[in-house]
Amino acid sequence: MGRGRTNKIRLSAEQRQHLEALSRNGHAPVKKILHARVLIMSDEGEYGQQRWNDQQIGAALGLHRNSVARIRSSFLEQGEQAALNRKPRQTPPVPQKLDGEKQAHLIAICCSPPPDGRTRWTMKLLVDELKARSIVTQIGRETVRCTLKKTNCARGKSSVTVFP
């Protein structure tokens, strides 16, 4: 026989009603609905109908018992929102190659007259110029293209308009 839980979830009527509405409406992300169902099944307060252990909850919802325990502990330690929502990422997965200063250099190059023998700047010429001026050590044409598209900059036209 197990020792039983030392930290029991006791949901208020309002919390339980909110979690049940969340799990029934189907308009929330699947993980959020799943976490709400775990909390409802873990309820050992006066509104909980049946006593479920972590193993049974995991089997019923297709989760590992450790996942159920983690959701329960995050609810007890940090509250309902922490148990339902994913933790926001601190930093982007890949840092930007061109920050604001480097984007300004790129736009300045793009607005300058193209090299001799050319009517406009090509992506390859812009990449080579950024490397030649030591603004970046390595960058792809697609990064330059997306940056220029984002800043609405035309390559080598006489009337250049730049909007941040």
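The values are calculated or read from the model by the stated rules, or taken from the named source; none is laboratory data. Remember, it's a predicted structure, so these values are computed and weren't measured experimentally. All Cβ positions, even for glycine, are placed from backbone atoms using ideal geometry, and neighbour counts span all protein chains on display.
In table form, for the structure just shown:
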{"quantity": "Region 29-44, subset farther than 15 Å from G79 by Cα and either small (G, A, S) or in contact (Cβ under 8 Å) with a residue 12 or more places away in the chain (or both), residue surrounded by the fewest Cβ atoms within 10 Å (Cβ to Cβ)", "calculated": "K31"}
{"quantity": "Hits in region 106-124 - residues which are part of a loop (DSSP other than H, G, I, E, B) and either free of Cβ contacts under 8 Å to residues at least 24 places away in the same chain or out of contact with any Phe, Trp or Tyr (no Cβ under 6 Å at 6 or more places or on another chain) (or both)", "calculated": "S112, P113, P115, D116, G117, R118, T119, R120, W121, T122"}
{"quantity": "Residue tally, condition farther than 30 Å from F75 by Cα and surrounded by 10 or more Cβ atoms within 10 Å (Cβ to Cβ), over region 85-112", "calculated": "14"}
{"quantity": "Test: residue in region 41-49 that is in contact with a Gly (Cβ under 6 Å, 6 or more places away or on another chain) and outside any helix (DSSP H, G or I)", "calculated": "no"}
{"quantity": "Members of region 150-164 found to be within 21 Å of Q96 (Cβ to Cβ) and either modelled with pLDDT of 90 or more or aliphatic (A, V, I, L, M) (or both), listed by number", "calculated": "V162"}
{"quantity": "Residues (in a helix (DSSP H, G or I), of a type in the set (D, E, K, R) and within 24 Å of R37 (Cα to Cα)) located in region 77-105", "calculated": "E77, E80"}
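So that you can scan it fast, the table gives a plain yes or no per residue for (1) within 24 Å of the chain's Cα centre (by Cα); (2) at pLDDT 95 or above; (3) of a type outside the set (K, R):
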site	(1), (2), (3)
H27	yes, no, yes
I33	yes, no, yes
I40	no, no, yes
D43	no, no, yes
R51	no, no, no
G58	no, no, yes
